[in-house]
Amino acid sequence: MTSTKGEPVRTTADRLTELQRRREELAAHADSDAIRRQHERGKLSARERIELLLDPGSFTELDALVRHRSQEFGMADHRPLGDGVITGHGTVDGRRICVFAHDFTVLGGSMGEAHGEKMLKLMDFALSTGCPVVGLNDGGGARIQEGVTALAYYTQLAGRHVQASGVIPQISLVLGPCAGGAVYTPALTDFVIMVDGLSHMFVTGPDVLRTVLGQDVNREELGGARAQNTITGNAHYMAQDEKDAIDYARQLLSFLPSNNLEDPPVFDSDQPAGPTEADLALDRLIPDNPNQPYDMHRVISAVLDDGELLEVHPLFAQNIICGFGRIEGHSVGVIASQPTVNAGVLDINASEKASRFLRTCDSFHVPVVTFADVPGFLPGLDQEHHGIIRRGAKLLYSYCETTVPTVTVVTRKAYGGGYGVLGSKHTGVDVNLAWPTAEIAVMGGESAVTVLHRRQIAAADDPQAERARLRREYEDALCNPYVAAERGYVDAVIMPHETRESVARALRSLRGKRTSRLPRKHGNIPL
Ligand code: HXC
């Protein structure tokens with residue numbers, strides 16, 4: 001054997017020195033010009049990121065001594081240790097996770113054969129030990145010099161993410177470029193986190209768009225963190241900086257089990273027993289005018305432990321709120337209409353946002369609480385032609401296949417398809433509650449009289465007065481929670497200030513819930 005310097009290694013002392021030399025080569029990288037350039041780009045190094053993510057001193061690195069075996073394009077003379085990715089495991093809040101961090105300073109963090117082997121080995125380790133994977137992405141994707149071999153490894157990695165889906169939580173942080181087909185590996189994971197001004201994801205970059213399509217768009221507009229969080233919904237959180245991104249990932253992990261055979265961690269909880277000021281304020285929350293909005297966050301924070309919600313997709317489809325919180329120390333997922341944004345209507349984006357979140361909760365044994373104030377599905381040519389039928393159906397499908405404990409509270413409107421889809425009893429939700437202000441009907445009064453009494457109104461001496469009379473008659477008869485309660489479609493009508501206690505009690509009663517389904521390979525959710 002020869003040393004990295006080409007000298008013979010024969011004695012025990014030589015061998016120990018050689019290991020020391022390789023370790024020094026690794027350590028020297030932390031103080032190299034390449035790392036300084038990374039810092040100048042406003043980015044942390046791969047090792048600094050791992051340090052921020054994991055509990056201090058908990059990281060065990062795997063395959064630090066791996067080098068590529070490529071010969072072409074001058075690669076034989078440049079065989080850096082680690083091959084552009086750092087992999088290993090450590091703990092977050094004392095629970096083990098696997099982590100990989102592309103090292104942009106080494107071959108652009110690109111994936112060749114050796115890098116790919118490290119990634120697959122890490123994924124297999126995570127799958128066999130049942131621990132979450134956090135990916136810190138910052139690289140050029142498939143290594144160009146290694147051609148189809150690089151593509152093969154990238155695609156195999158995608159396959160591992162698919163195998164791991166619903167088995168272990170997978171979180172992707174995009175902390176630099178993520179371009180071409182490489183975008184699809186984070187896209188396959190449960191959560192994508194990006195940093196404002198630092199992260200970019202696109203299938204085809206601005207240069208190609210300019211040349212081939214004549215489209216002039218910069219990286220930020222095309223696939224920056226803001227675009228991916230607000231327009232496309234490809235990312236679930238836009239962090240202010242890398243520390244914020246990593247904190248968010250750590251918080252997500254705190255709500256999730258390590259794998260689908262475990263339950264989420266339970267925290268001590270010391271919540272006040274009787275109605276609090278926040279509980280009582282709910283009795284005054286719903287405006288008398290049905291068209292006046294109110295902030296559903298006030299309901300959510302009154303119900304969750306310490307009023308704390310970790311929102312997922314907070315900048316996307318804001319007409320629906322999704323996020324994690326705790327009730328009596330147990331994780332819950334919250335899905336809630338937001339009347340302050342487009343009256344809380346369900347559109348394509350809201351349906352996809354909520355169904356994805358619901359499926360994530362269901363995969364990992366997180367019970368779901370739904371707060372509904374939903375006027376229905378958004379009408380319009382744009383929505384119809386972009387597939388609101390097929391894409392709205394995802395939400396219905398997701399509620400119908402959910403098996404975790406579920407509780408729905410109707411605070412105000414629950415009309416038509418919105419009622420049926422957004423956690424109604426008929427989708428299989430376990431406990432359905434309604435406030436006295438709930439209006440559960442096929443549609444609101446205005447629309448109903450138009451459909452039912454168009455001719456009668458037109459023939460009236462005073463059409464406006466007749467319309468108002470008919471509308472009142474309809475609303476008095478149908479726009480309340482009691483028609484549904486009489487049929488058992490809602491289990492109880494509760495005072496708003498009783499919501500926190502009622503939801504907690506429902507979830508407590510559902511902790512031992514078990515369901516069984518007919519065997520099948522898998523369902524066929526509309527996509
Ligand atoms: C090899 C690469 C590389 C790659 C970047 N580098 N991408 N080396 N293979 N794919 C190298 C550069 O040569 C450079 O090396 C260093 O990394 C930094 O790159 P720069 O271009 O100087 O940095 P920057 O201007 O910040 O641009 C970063 C970038 C750009 C946006 C990532 O490099 C780029 O567009 N790269 C190609 C991206 C791409 O299309 N990849 C293929 C994706 S397809 P030096 O030595 O000069 O420092 C794919 C298939 C997946 O991944 C299949 C999944 C199913």
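Using beta carbons and a limit of 8 Å, which pairs, at least six apart or on different chains, have the first residue in segment 122-142 and within 19 Å of LEU252 (Cβ to Cβ) and assigned to a loop (DSSP other than H, G, I, E, B) and the second one open to solvent by 10 Å² or more (accessible area, probe 1.4 Å) and within 16 Å of the ligand (Cβ to nearest atom)?
Close Cβ pairs (under 8 Å, with a partner that is open to solvent by 10 Å² or more (accessible area, probe 1.4 Å) and within 16 Å of the ligand (Cβ to nearest atom)) do not exist here.
So if I check each of GLU61, GLU25, which one is in a strand (DSSP E or B) and either among the acidic types (Asp, Glu) or surrounded by fewer than 16 Cβ atoms within 10 Å (Cβ to Cβ) (or both)?
GLU61
ILE321 - would you say it is open to solvent by less than 10 Å² (accessible area, probe 1.4 Å), within 14 Å of the chain's Cα centre (by Cα) and touching a residue at least 12 places away in the same chain (Cβ under 8 Å)?
yes
Would you say THR437 is open to solvent by 20 Å² or more (accessible area, probe 1.4 Å) and in contact with a Ser or Thr (Cβ under 9 Å, 6 or more places away or on another chain)?
yes
Determine, yes or no, whether ALA76 is among the aliphatic types (A, V, I, L, M), over 30 Å from the mean Cα position of the chain (by Cα) and at pLDDT below 95.
yes
Would you pick out the residues in segment 131-166 that are of a type in the set (D, E, K, R), over 22 Å from the mean Cα position of the chain (by Cα) and more than 7 Å from the ligand (Cβ to nearest atom)?
If the condition is that a residue be of a type in the set (D, E, K, R), over 22 Å from the mean Cα position of the chain (by Cα) and more than 7 Å from the ligand (Cβ to nearest atom), then GLU146 is the only one that fits.
Could you list, in sequence order, all residues of segment 100-127 that are small (Gly, Ala, Ser) and either within 11 Å of the ligand (Cβ to nearest atom) or touching a Pro at 6+ places or on another chain (Cβ under 8 Å) (or both)?
GLY108, GLY109, SER110, GLY112, GLY116, ALA126
Looking only at segment 380-395, count every residue that is crowded, with 18+ Cβ neighbours inside 10 Å and among the basic types (Lys, Arg) and tell me the total.
Residues that pass the stated criteria total 2.
Can you tell me how many residues in segment 66-77 are more than 27 Å from GLU51 (Cα to Cα) and open to solvent by less than 60 Å² (accessible area, probe 1.4 Å)?
Going through segment 66-77 one residue at a time, the tally reaches 4.
Out of all the residues in segment 78-99, which are open to solvent by 10 Å² or more (accessible area, probe 1.4 Å), in contact with a strand residue (DSSP E or B) (Cβ under 8 Å, 6 or more places away or on another chain) and within 16 Å of the ligand (Cβ to nearest atom)?
none
Evaluate the following for PRO375: is it open to solvent by 10 Å² or more (accessible area, probe 1.4 Å), in contact with a Phe, Trp or Tyr (Cβ under 6 Å, 6 or more places away or on another chain) and either over 25 Å from TYR294 (Cα atoms) or not aliphatic (A, V, I, L, M) (or both)?
Yes.
For (1) without any contact (Cβ under 8 Å) to a residue 24 or more places away in the chain; (2) outside any loop (DSSP other than H, G, I, E, B); (3) not hydrophobic (A, V, I, L, M, F, W, C), each residue gets a yes or a no:
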| position | (1), (2), (3) |
| --- | --- |
| ALA393 | no, yes, no |
| TYR397 | no, yes, yes |
| CYS400 | no, yes, no |
| VAL404 | no, no, no |
| THR411 | no, yes, yes |
| GLY420 | no, yes, yes |
| GLY423 | no, no, yes |
| HIS426 | no, yes, yes |
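Considering only residues that are under 19 Å from GLY488 (Cβ atoms), β-branched (Val, Ile, Thr) and surrounded by fewer than 24 Cβ atoms within 10 Å (Cβ to Cβ), which ones fall in segment 396-434?
Within segment 396-434, THR427, VAL429, VAL431 qualify.
So which strands (runs of 3 or more DSSP E) stay within segment 171-253 end to end and still have 3 or more residues that are within 16 Å of the ligand (Cβ to nearest atom) and either open to solvent by less than 20 Å² (accessible area, probe 1.4 Å) or not hydroxyl-bearing (Ser, Thr, Tyr) (or both)?
Once the strands (runs of 3 or more DSSP E) in segment 171-253 are filtered for at least 3 residues that are within 16 Å of the ligand (Cβ to nearest atom) and either open to solvent by less than 20 Å² (accessible area, probe 1.4 Å) or not hydroxyl-bearing (Ser, Thr, Tyr) (or both), what remains is 177-179, 191-195, 200-202.
Given the conditions (1) touching a strand residue (DSSP E or B) at 6+ places or on another chain (Cβ under 7 Å); (2) in a loop (DSSP other than H, G, I, E, B), and given that ASN260 satisfies all but one, which numbered condition is not satisfied?
Failing condition for ASN260: (1).
Return yes when VAL167 is in a loop (DSSP other than H, G, I, E, B), open to solvent by 10 Å² or more (accessible area, probe 1.4 Å) and in contact (Cβ under 8 Å) with a residue 24 or more places away in the chain and no when it is not.
yes
Answer yes or no as to whether PRO293 is assigned to a loop (DSSP other than H, G, I, E, B) and either open to solvent by 20 Å² or more (accessible area, probe 1.4 Å) or out of contact with any Pro (no Cβ under 7 Å at 6 or more places or on another chain) (or both).
Yes: the conditions hold for PRO293.
Look through segment 107-120, keep the residues that are open to solvent by 10 Å² or more (accessible area, probe 1.4 Å) and aliphatic (A, V, I, L, M), and return whichever of them is farthest from PRO265 (Cα to Cα).
Here the residue is LEU107.
Looking at segment 481-509 only, could you name the residues that are surrounded by fewer than 16 Cβ atoms within 10 Å (Cβ to Cβ) and either in contact with a Ser or Thr (Cβ under 9 Å, 6 or more places away or on another chain) or not charged (D, E, K, R) (or both)?
Listed by number, the residues that qualify are TYR482, VAL483, GLY488, ALA492, MET495, SER509.
Could you identify the single residue in ASP461, ASP476 that is among the charged types (D, E, K, R) and outside any helix (DSSP H, G or I)?
Of the residues listed, the single one that is among the charged types (D, E, K, R) and outside any helix (DSSP H, G or I) is ASP461.
Say we look at segment 470-480 and pick out the residues that are surrounded by 15 or more Cβ atoms within 10 Å (Cβ to Cβ) and not hydroxyl-bearing (Ser, Thr, Tyr); which of these is farthest from TRP435 (Cα to Cα)?
That would be LEU470.
The values are calculated or read from the model by the stated rules, or taken from the named source; none is laboratory data. All of these numbers come straight from a predicted model, not from anything done at the bench. So basically every Cβ, Gly included, is an ideal-geometry build from the backbone, and we count neighbours across all protein chains shown. Accessible surface is based on the protein model in full, side chains and every heavy atom, while ligands, DNA and RNA are left aside. Shrake-Rupley method; radii C 1.70, N 1.55, O 1.52, S 1.80 Å.
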